[in-house]
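Step one of this worksheet: look at the structure below.
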Amino acid sequence: MLLSIENIALASGILLILIGLLGALTNKNIIRMIVAFSIFDTGVNILIVTFGYMPGRTAPIIDGAKVTAQNIAQVAIDPVPQALVLTAIVIGFGVTALMLVFALKMHEKRKSLDINDYTDLKW
Amino acid sequence: MLKNSFIALLVLAFGVLLFHGVVKLYKVPEKLNRTAEFYNSNEASQIGAANVVTAVVVTYRGLYTLGEVTVLFLAASVIGFFLKRKKKTAPVDAKPAGSELMTTASKVLVPGSIILGVYVFVNGHLTPGGGFQGGAIIGTAILLLALANPTYSISKKVFHWIESISGFVFVAIGLAGLLLAGGFLDTRFLPNGEMLSLFSAGAIPLIYSMIGLKVGSEISGIILELNDTQPNQD
């Protein structure tokens, strides 16, 4: 089945990764590059969550009615990708904030956000 | 531009490669893999948390979470170090107020958001919530506060103290697990209690509350730090 949830999620994750990569490589403005990296991050998170998805199953939370301690292995999905993404989102926030602060300091120093004005590491 | 189209072509090739690899490797799993099987079927008797994801984050892979919190702390302190400034000698009374809308909204929403954040991280072992989500909600409340009062500088000292103390208590609970139970960050030194009640799952509510406070104060600290560097535009 082509238009199932997992295929849509896979396609959109890959699409977001590509958009982020393209944006980071083609833009000259540092803020735009940071936005592109953030989009890339989201795409990777969607991909990881998709790999833990199983059709027809529910979240691994015991509620005593539909999911109980006895049948959780049969009706719930894999908890590990969700746990990884949970922390990855917060790390993504920290990395984005750090990049923005670097951009702020760079702009303070040279009054420019164009990456072409920073040639110190060029040879 | 020729260069940009070349890059676009390269990215497209990478995308085709990625898509091909992922679609070929990925097939919809019929049953859980062995790790997930172990976590799902043994979690209720071993840890006693209703939310298996919480048990994985806090207990089974608690060391990852400790490292993750450390990374966030490092990011927050680097940001604080970079944005450190001399005290501005701006006149205190020349403050433009925030917009009427933001001020009113912040009066209504900030206390509720903070309570919601605390609720989310206290109930992290029962509901799809937890320390990171609750901390992020508290961070948004502080962001709203900062947007409503753009020049009113909120003291960052209290956030630094909350962050340090909660981080310390997190490690101390982990060490208590080492001394009283099976190992570092083992939460079973407190009784498991009755499943689906607030006081259950050993020390998980304690640890997740500490993570929530720590993440919330770190996000608030970053936001306030960035807010303070904004020059007064008027």
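Please treat every number below as a calculation from the coordinates, not as lab data. Since the model is a prediction, treat every value here as computed from it, not as a measurement. Here the Cβ positions follow ideal geometry from the backbone for every residue, glycine too, while neighbour counts run over all protein chains shown.
Observations on the model:
- Site pair residue B:119 and residue B:154 shows an inter-label distance of 2.0 nm when each label is modelled 7 Å from Cα along Cα→Cβ.
- Counting only Cα atoms, chain B measures 63, 59, 32 Å along its principal axes, largest extent leading.
- Averaging 1/r over each pair of different alpha-carbon atoms in region B:104-169 and inverting the result gives 12.8 Å, the Kirkwood hydrodynamic radius.
- Principal axis extents of the Cα atoms in region B:2-135, from largest to smallest and rounded to whole angstrom, are 66, 60, 32.
- Dipole of region B:102-234, positive direction: furthest Cα of B:132, B:208, B:224, with charges on the beta-carbon: B:208
- Packing-based ranking, highest mean first, of B:54-64, B:104-114 given that Cβ atoms within 10 Å are counted: B:54-64, B:104-114
- Pairs beyond 29 Å (Cα-Cα), from A:105/B:157; A:105/B:156; B:3/B:24; B:107/B:156; A:111/B:214; A:105/B:214: B:3/B:24; A:111/B:214
- Angle between chain A longest axis and helix A:5-26 axis [Cα atoms, degrees, rounded to 10]: 10 degrees
- Region B:143-224: GluC sites (Glu not before Pro) falling in loop per DSSP and having at most 14 other Cβ within 10 Å: B:194
- Using every pair of distinct Cα positions in the protein assembly as shown, the Kirkwood expression returns a hydrodynamic radius of 22.7 angstrom.
- Partner chain coverage, peptide A:99-106 - average Cβ within 10 angstrom: 3
- Region B:154-169 - phi-based ³J(HN,Hα) in whole Hz, Karplus 6.51/-1.76/1.60, Gly and Pro as x: 7, 5, 8, 4, 5, 5, 4, 5, 4, 4, 5, 5, 5, x, 5, 5
- For chain A, the extents of the C-alpha atoms along the principal axes are 63, 31, 22 Å, listed from largest to smallest.
- Counting, for every residue in B:191-200, the Cβ atoms of other protein chains within 10 Å of its Cβ and taking the mean gives 1.
- Coupling constants for region B:4-16 follow from the phi torsions by the Karplus curve (6.51 cos²θ - 1.76 cosθ + 1.60, θ = phi - 60°), and in residue order they are 5, 5, 4, 4, 4, 5, 4, 5, 5, 4, 4, x, 4 Hz; glycine and proline get x.
- Between B:212, B:129, B:15, the residue with the greatest mean-square fluctuation in the GNM of chain B (Cα pairs under 10 Å linked by springs) is B:15.
- Each Lys or Arg adds one and each Asp or Glu subtracts one; over the other residues with Cβ under 12 Å from the Cβ of residue B:214, this totals -3.
- Amide H to amide H distances under 5 Å link residue A:58 with A:76, A:77, where only residues 5 or more positions off or on other chains count and H is placed in the peptide plane.
- Per-residue mean of C-beta atoms belonging to partner chains within 10 Å, peptide B:53-61: 5
- Each stretch of four or more DSSP H residues adds -39500 (n - 2.57); spread over every residue of the protein assembly as shown, this sum gives -22500 deg cm²/dmol at 222 nm.
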